[in-house]
Structures are given as structure tokens and as C-alpha cells.
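All remarks here apply to the structure that follows.
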Amino acid sequence: AAAAADPADLHVVFSAECIPAFDWQSAGLFYSFRRVRQPGRITRLLACSEAQLSTYPKVNLEMGPTFVHKNMRFDASNDAEKDDPHNDGKGTGYASYNKPYSVMAWLEQTDVEEDYVLFMDSDMILRQPIHPV
């Protein structure tokens, strides 16, 4: 029989932006991770433009392990998207690009040691520990 996976071999990641609504959601997910004593690690993938990051409260940046990357909503590479019907009008790009970009940037710049990565949304919470396999 195959050996059971080590629960600590799980890395939970979630994406967020440098805005208050995501800060509240991030606080809830970080809290639930600690509250249920989830084995493994957690990382917030935080999309911030340089302007956002320059005014972002330090306490919010340090609420939990965080990987900061550029905010695709404001990235010049997305200028062609500004007339897209899905553009929310708050930037030149399409904010939904942040989720796939955050994972790509994190994987390119981080040596992920765990065998399992669980991608959650920032508005989710853990009600009990999750064990891989």
C-alpha cells in the first residue's frame, strides 16, 4: 500500500489585491488557517501597483506570509484590454489576470518545497484541516 501523504506537505496560497476588501478577507483566511491548525504553510499572493504599495499599510502587508507582484489591472502590457467589455473601468488591464499571473510569478520566483499546493480564494475560510490525498 502507498504511504499516506504528510499533511505538512501542503502549501496553501491565495490571491488578493492591495485594497481594504481583500485585507479583511485575507485576515479571515489567515486566521482560519491558524485556528484549525492547518499543517503546512500559507502564502498570500498580493497584487499591488507601485503606487498602491507605496501607501499600503505596513501592518496589512505583514499580517501573514505574503508574496507581492505587479497588479495586472494597471500593467501597461494590458493597454489593449481597456476597451474589453469585461474591463471594470478601474484600470487599463483586466483584473482577473491577477490570479493566473500571481501563481506564475510565485512559482517562477519561489522554491516551493511542498508536493501539494492548494489554491484558495481570499473569501474562503478553513473549517477543518485539509490533508492531501
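The values are calculated or read from the model by the stated rules, or taken from the named source; none is laboratory data. Predicted model only: the values in this text are computed from it and were never measured. All Cβ positions, glycine included, derive from the backbone under ideal geometry; neighbour counts span all protein chains shown. Ligands, DNA and RNA are excluded from the accessible area calculation, which covers all protein heavy atoms including side chains. Shrake-Rupley method; radii C 1.70, N 1.55, O 1.52, S 1.80 Å.
Within the stretch 24-37, is there a residue that is among the hydroxyl-bearing types (Ser, Thr, Tyr), in contact with a strand residue (DSSP E or B) (Cβ under 9 Å, 6 or more places away or on another chain) and not in a helix (DSSP H, G or I)? No, because not a single residue in the stretch 24-37 is among the hydroxyl-bearing types (Ser, Thr, Tyr), in contact with a strand residue (DSSP E or B) (Cβ under 9 Å, 6 or more places away or on another chain) and not in a helix (DSSP H, G or I). For beta carbons closer than 6 Å, sequence separation of 6+ or different chains, a first residue in the stretch 48-73 that is more than 22 Å from SER32 (Cβ to Cβ) and a second that is open to solvent by 30 Å² or more (accessible area, probe 1.4 Å) and of a type in the set (Ser, Thr, Tyr), the qualifying pairs are MET72/TYR97; MET72/TYR101. Considering (1) open to solvent by 80 Å² or more (accessible area, probe 1.4 Å); (2) at pLDDT 90 or above, the lone condition that ASP83 does not fulfil carries the number (2). Counting just the residues of the stretch 17-45 that are in contact with a Phe, Trp or Tyr (Cβ under 7 Å, 6 or more places away or on another chain), of a type in the set (A, V, I, L, M, F, W, C) and modelled with pLDDT of 95 or more, which one comes out nearest to GLU114 (Cα to Cα)? Applying the filter and picking the extreme gives ILE42. The set of residues in the stretch 13-49 being of a type in the set (D, E, K, R) and either over 16 Å from PRO129 (Cβ atoms) or loosely packed, with under 15 Cβ neighbours inside 10 Å (or both) consists of GLU17, ASP23, ARG34, ARG35, ARG37, ARG44.
This table checks each residue for (1) part of a helix (DSSP H, G or I); (2) modelled with pLDDT of 95 or more; (3) small (Gly, Ala, Ser).
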residue: ALA47; (1), (2), (3): no, no, yes
residue: PHE74; (1), (2), (3): no, no, no
residue: ASP79; (1), (2), (3): yes, no, no
residue: ASN87; (1), (2), (3): no, no, no
residue: LYS99; (1), (2), (3): yes, no, no
residue: SER102; (1), (2), (3): yes, no, yes
residue: TRP106; (1), (2), (3): yes, yes, no
